[in-house]
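So the structure is just underneath, and the comments pick up after that.
The values are calculated or read from the model by the stated rules, or taken from the named source; none is laboratory data. Nothing here was measured: the structure is a model prediction, and the numbers come from that model. Note: ideal-geometry Cβ built from the backbone for every residue, glycine included; neighbour counts use all protein chains shown. Only protein heavy atoms, including side chains, enter the accessible area calculation; ligands, DNA and RNA are left aside. Shrake-Rupley method; radii C 1.70, N 1.55, O 1.52, S 1.80 Å.
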Amino acid sequence: PPPAYNHFGLVIASCERADLRPTPSGVMVYADHGRHFDPLPPPDVPRAEVIDELHAAIFNNTPPLHDGAWGLATAEICLCLLESARTGREVALRHQATP
């Protein structure tokens, strides 16, 4: 089995009483009264949810949650982050999908 989950860089979710930081092997919790790490067991299959979504789209005719519009919007965000970091300016998004 893979040793850990995919990790795409620093992400922090700020909640009312704690900040959460996902890591490849669990979630670091920075709470009001201390911090602790909640480990996750390693995944049986890396990115199984992606394979499940593709399978459902092909064999069950289920519209994929992550379609071409989602992919374009995601790529745009990545490219705009890089451009903003390079130029130090705000970059307008034009291809964001609506739910």
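Details
- Among the residues of segment 58-74, those that are closer than 20 Å to Gly9 by Cα and free of Cβ contacts under 8 Å to residues at least 12 places away in the same chain comprise Gly71, Thr74.
- Of all residue pairs spaced 6 or more apart or on separate chains, those with beta-carbon atoms under 9 Å, a first member in segment 16-30 that is without any contact (Cβ under 8 Å) to a residue 12 or more places away in the chain and a second member that is acidic (Asp, Glu) and open to solvent by less than 60 Å² (accessible area, probe 1.4 Å) are Met28/Asp19; Val29/Asp19.
- Just one of (1) on the phi > 0 side of the Ramachandran plot; (2) surrounded by 11 or more Cβ atoms within 10 Å (Cβ to Cβ) fails for Gly88. It is (2).
- Among the residues making up segment 53-68, a single one is open to solvent by 50 Å² or more (accessible area, probe 1.4 Å) and among the small types (Gly, Ala, Ser): Gly68.
- Residue list for segment 12-51, filter: under 13 Å from the mean Cα position of the chain (by Cα) and under 23 Å from Pro64 (Cβ atoms): Arg47, Glu49, Val50
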